[in-house]
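Worksheet for the structure shown next.
Any read-out appearing in this document is the output of simple, stated calculations on the displayed coordinates, not a laboratory observation. In this text, all values refer to a predicted model and were calculated from it rather than measured experimentally. Backbone-built Cβ (ideal geometry, glycine too); neighbour counts: all protein chains shown.
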Amino acid sequence: MSILEIKELTASVDGTEILHGINLSVNAGEVHAIMGPNGSGKSTLSYVLSGRTGYEITGGDVLLNGTSIIEAEADERARAGLFLAFQYPVELPGVSGMSFLRASVNARLREQGKEEVDQLGFVKIVRAEAQKLGISDEMLKRAVNVGFSGGEKKRYEILQMALLKPVMAILDETDSGLDVDALKIVSQGVNLLRDPQRSMLVITHYQRLLSYIVPDKVHILSGGLIVKSGDKSLALEVEENGYAGINDAA
């Protein structure tokens, strides 16, 4: 069963078409990687899928669990189970981390017709998940991402994913700015969340992330099109030979 299905997707930014007909299907439980050079459309794809304003879908369709989401607002897509981990997570001064997390989780529960979690019960849930990611109580007491290092911000996003339990998670260059130790910790957190009912789309420049989060399939994006797909060995081919040969062949 396809969790995410992209059909002939075209999209533009400020009137310039960036995506020229993306076709991609991610089945339940699968992890797919999108690789490509700078300017290939990787981040545009993640923003279009998540419903970010300023990114206009001009053709095609995107289905989440069989339902089109191209007319849905970003918050509607999130409540339906789509999650985006940003390349550069933003700080939210004055917004309590625990309040932010609880409001997000309860919005998702309401969408599913489930009972909301109270504050005391939520604290227990958060602490249990945070411990797996090496997130201290002190970090949880801060405003969202304020004073966090790059690695802490990425771990905090994985904590959000663990709590929200999305059906489709998009990780947009989550390895950006991480040293090796932080990369291992974040990757371990992602791998803990692999699930037969959850799919992931991992967007990255480099093969190094895919040494820790091993994908089922790898796709090369170039010039707004997927020009080649394969198994994890395709990422090693890119690491060894770069994108030039693949682009020329395409």
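Here are a few things to note about the model shown:
- Packing here is the average count of other Cβ atoms within 10 Å per residue, and on that basis the peptides 152-165, 187-200, highest first, run 152-165, 187-200.
- Candidates Ser136, Ser50, Ser176, ranked by Gaussian network fluctuation over the chain, Cα under 10 Å, top entry: Ser136
- Across Lys141/Lys217; Lys154/Lys232; Lys184/Lys217; Lys153/Lys217; Lys7/Lys153; Lys141/Lys232, pairs whose alpha-carbon gap is larger than 30 Å: Lys141/Lys217; Lys7/Lys153; Lys141/Lys232
- Remark on the chain: hydrodynamic radius 18.6 angstrom, per the Kirkwood mean of 1/r across alpha carbon pairs.
- For region 196-211, 3J(HN,Hα) computed residue by residue from phi via the Karplus equation (6.51, -1.76, 1.60; θ = phi - 60°) reads x, 9, 10, 10, 9, 10, 9, 9, 7, 7, 10, 6, 4, 5, 7, 6 Hz, glycine and proline entered as x.
- What the phi angles of region 120-128 give under the Karplus curve with 6.51, -1.76 and 1.60, with θ = phi - 60°, is a coupling list of 5, x, 5, 4, 5, 5, 4, 4, 5 Hz, glycine and proline written as x.
- Binned Cα-Cα distances of region 40-87, short to long, each 10 Å bin given as a whole percent: 26, 61, 13
- In this structure the amide hydrogen of Thr58, modeled in the peptide plane, comes within under 5 Å of the amide hydrogens of Thr10, Ala11, Ser12, none closer than 5 places in sequence on its chain.
- Helical mean residue ellipticity (222 nm; -39500 (n - 2.57) per DSSP H run of 4+; nearest 500) of the chain: -11000 deg cm²/dmol
- This ranking places Met168, Met139 by how few other beta-carbon atoms lie within 10 Å of each, fewest first, which gives Met139, Met168.
- Computed from the C-beta positions of Ser149 and Asp118 and an R0 of 22 Å, the FRET efficiency is 0.10 to the nearest 0.05.
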